[in-house]
Amino acid sequence: MKIPPTVPILEVYAGDTFEQSFVFQTDGVPRNLVTEGWGSWIAQIRPTVHSVNVVAFTVDASQASVGRIVLKLTAGVTATLTGAVYDLQATKGATIQTFLRGSITIVKDVTRV
C-alpha cells in the first residue's frame with residue numbers, strides 16, 4: 001500500500017471562510033480525474049488521527065477534469081476548530097484512494113463578532 005503524500009500545513013484563520021485548492025498532476029500535466037474514473041470525493045478533519053470527532057470539508061470536484069479539487073470550510077466551522085489533521089480521498093469502483101494528508105494550524109482571529 002502506498003502512503004499518500006503529506007502536504008504543507010494548512011493555516012486556517014479562525015472565524016473566516018476557508019478555501020484551499022489542490023491540482024493533481026503527472027509530469028507537470030494536470031490529471032483528468034474524471035476520465036480516470038475518480039469520484040465520491042470526501043475530506044475530513046479530526047483533532048487526531050484516532051479521534052471519533054469529525055468535521056467534514058465541503059469538497060468541490062467541479063474542476064476535476066483539469067485535476068483541481070477544492071476543500072472549503074464555513075466561517076462557523078473554522079471558529080470552532082483547534083489544531084487538527086485531515087485527508088482527502090476518492091473512489092473508483094471498489095477502489096478507495098487517499099490522495100493527500102496533512103495537518104491544520106488554527107490562527108486565532110483578532111476581530112470577533
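The values are calculated or read from the model by the stated rules, or taken from the named source; none is laboratory data. Computed from a predicted structure; not experimentally measured. A quick note on method: Cβ atoms are made from the backbone with ideal geometry, for glycine too, and the neighbour counts reach across all protein chains shown.
Residue by residue, here is whether (1) closer than 23 Å to Ala84 by Cα; (2) without any contact (Cβ under 8 Å) to a residue 12 or more places away in the chain; (3) in a loop (DSSP other than H, G, I, E, B) holds:
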position	(1), (2), (3)
Lys2	yes, yes, yes
Phe22	yes, no, no
Ser62	no, yes, yes
Ser65	no, no, no
Among the numbered criteria (1) touching a strand residue (DSSP E or B) at 6+ places or on another chain (Cβ under 8 Å); (2) within 21 Å of Thr6 (Cβ to Cβ); (3) in a loop (DSSP other than H, G, I, E, B); (4) of a type in the set (Gly, Ala, Ser), which one does Gly37 miss?
(2)
Residue satisfying all of: in segment 36-54; surrounded by 14 or more Cβ atoms within 10 Å (Cβ to Cβ) and touching a Ser or Thr at 6+ places or on another chain (Cβ under 8 Å); modelled with the lowest pLDDT among these
Pro47
Cβ-Cβ under 8 Å pairs, at least 6 apart or on other chains, segment 80-107 side within 13 Å of Gly37 (Cβ to Cβ), far side aromatic (Phe, Trp, Tyr) and modelled with pLDDT of 95 or more
Ala90/Trp38; Ala90/Trp41; Ala90/Phe99; Thr91/Trp38; Lys92/Trp38; Gln97/Trp38
Does Thr111 fit the bill of being surrounded by fewer than 16 Cβ atoms within 10 Å (Cβ to Cβ), in contact with a helix residue (DSSP H, G or I) (Cβ under 8 Å, 6 or more places away or on another chain), outside any strand (DSSP E or B) and not hydrophobic (A, V, I, L, M, F, W, C)?
no
Is it the case that Thr74 is farther than 19 Å from Pro4 by Cα, touching a strand residue (DSSP E or B) at 6+ places or on another chain (Cβ under 6 Å) and of a type outside the set (D, E, K, R)?
no
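Every residue in segment 69-79 that is more than 10 Å from Gln20 (Cα to Cα) and not in a loop (DSSP other than H, G, I, E, B), please. Write out each step before concluding.
Looking only at segment 69-79, we keep the residues that are more than 10 Å from Gln20 (Cα to Cα), and these are 74-79.
Residues satisfying the conditions are Ala75, Gly76, Val77, Thr78.
Identify the residue in segment 55-74 that is of a type in the set (A, V, I, L, M, F, W, C) and more than 16 Å from Thr98 (Cα to Cα) and, among all such residues, is surrounded by the fewest Cβ atoms within 10 Å (Cβ to Cβ). Full working, then the answer.
In the first step, residues of segment 55-74 are kept if they are of a type in the set (A, V, I, L, M, F, W, C); the result is 55-57, 59, 61, 64, 66, 69-71, 73.
Filter once more, so that each one left must be more than 16 Å from Thr98 (Cα to Cα): 55, 66, 73.
Details: Val55: 16, Val66: 12, Leu73: 23.
Applying the filter and picking the extreme gives Val66.
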